[in-house]
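Q: One structure coming up, written as structure tokens, with questions to follow.
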Amino acid sequence: MANTTALTGINGLRDIRRSPASHLAEALETGSVPGKVVLKEGPFQTMAGVRVDPSSEEGARIASVTGGLPVRCGEVAGREGVSVLWLGPSEFLVVAAEEAHDSLGGDLIGSLTSALGDAPGQVVDLSANRTTYELSGPRARAVLEKGCALDLHPRKFKPGTALSTEVGNIPVTLWKTGEESFRLFPRASFADFLGRWLLDAMREYASPEVP
Amino acid sequence: MLLISCPNCGSRDETEFHYGGQAHVPYPENPSGLNDREWAEFLFYRDNTKGIFAERWLHSTGCRQWFNMLRDTVTYDIQSIYPMGAPRPDKAAAAPESGTASTAADSTTTGSAAPSIAATSITSTSTAPSTAPSTTQSGTTAPEGATK
Ligand SMILES: [Zn+2]
């Protein structure tokens, strides 16, 4: 890759970067109900949209960078520090830590781009396209079920599954990361709406349960 | 609310889909040879069927892939879901189509044979008979995944 040290902090831009739901930080904190359901905005992540035919040679090259490509809807592939979410039969979302970005000393985007080469497909840096909400706790599923028509019951929706669907009527990629934890990727312009929608859905769990 | 069974993602709410209009509207073999009336009819004139209707759908919030559906416009009963480029399953015995809707080609690749079939049938009708066996096959296998 290029001289990445020269790009440290991207000339100071990194320091003033603000996440799409940063203005909600306080509301998320006060709206969370520890022990029941907690909502946080996750840290910045490096994300790349990849379109490639997984059965092709270039698909195999991409897979060797990411540690495999998911085969079917819901699957998440990857390796240590890199996850690949299935968006479509030839469309994937690569998610990694922020430091994996080429402008911060990593090489994820660059190595994906060079793995694709001139072959048909695309690698697009989508790191600023979506933000991450982390919803966790024993009532997290109940909160999501208010606005998501998928079967979220654990017998059907297992940890390590990610689905593109609708939550609160907006398009979201919903990733179940643990038994009681979910990661939601709304597009940046929906971050405010989804954050407030989730807070509203969480509100009832702050009150004592009515038997 | 319809529950639509996407061939890639399974059963999802209707709100995740976009309607793509009538299926099996062949792109004109020689568009520049059409007069205004014929061109307008290709672009805008569609059947208004009461009963079983073949139509295109896009799973826009999910896998972003197109597929075809046979739906009863009276009861909303979804009778069959089948790939782009495949002939209507209820008319599989009929003569092979001379072309498929152009959307099959400009939608993303599905990894199946559908896009290439669509591409060949757009460029020339003479290739249609040779692709017919494979489309017939996929047409007959598709209904298994269809919803009730
Ligand atoms: Zn789908």
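All of the numbers you see were taken from the coordinates with simple rules; none came from a lab. Here the structure is a predicted model, which is why all the values come from computation and not from measurement. Note: ideal-geometry Cβ built from the backbone for every residue, glycine included; neighbour counts use all protein chains shown.
Q: Under the rule a/c < 1.5 gives rounded, and otherwise a/b versus b/c splits prolate from oblate, where does segment A:46-125 land using the Cα gyration tensor? Mind dumping the intermediate values first?
A: Working: a/c = 1.84, a/b = 1.24, b/c = 1.48.
Since a/c reaches 1.5 but b/c is at least a/b, the shape of segment A:46-125 is classed as oblate.
Q: Could you work out the helix-only [θ] at 222 nm for chain A, with each DSSP H run of four or more residues adding -39,500 (n - 2.57) and the total divided by the number of residues, to the nearest 500 deg cm²/dmol?
A: On the way: 6 runs with 48 residues, N = 211.
About -6000 deg cm²/dmol.
Q: In 10 Å bins starting at 0, how do the alpha-carbon pair distances of chain A split up by percent?
A: 8, 32, 33, 20, 6, 1, 0
Q: Among all stretches of chain A without exposed GluC sites (Glu not before Pro) (DSSP loop, at most 11 other Cβ atoms within 10 Å), which one is longest? It would help to have the intermediate numbers written out before the result.
A: Details: sites that count: A:80, A:209.
It runs A:81-208.
Q: Would you mind getting the Kirkwood hydrodynamic radius of segment B:3-83 from its Cα pairs, rounded to one decimal in Å?
A: Working: mean 1/r = 0.0717 Å⁻¹.
For segment B:3-83, inverting the mean 1/r across all distinct Cα pairs yields 13.9 Å.
Q: Hey, how many Å between the Cα centroid of segment B:51-95 and the Cα centroid of segment A:29-88?
A: 31
Q: Then there is this: Apply the Karplus curve 6.51 cos²θ - 1.76 cosθ + 1.60, θ = phi - 60°, to the phi angles in segment A:159-171 and return the couplings in whole Hz, x for Gly and Pro.
A: x, x, 10, 10, 10, 7, 7, 10, 10, x, 6, 10, x
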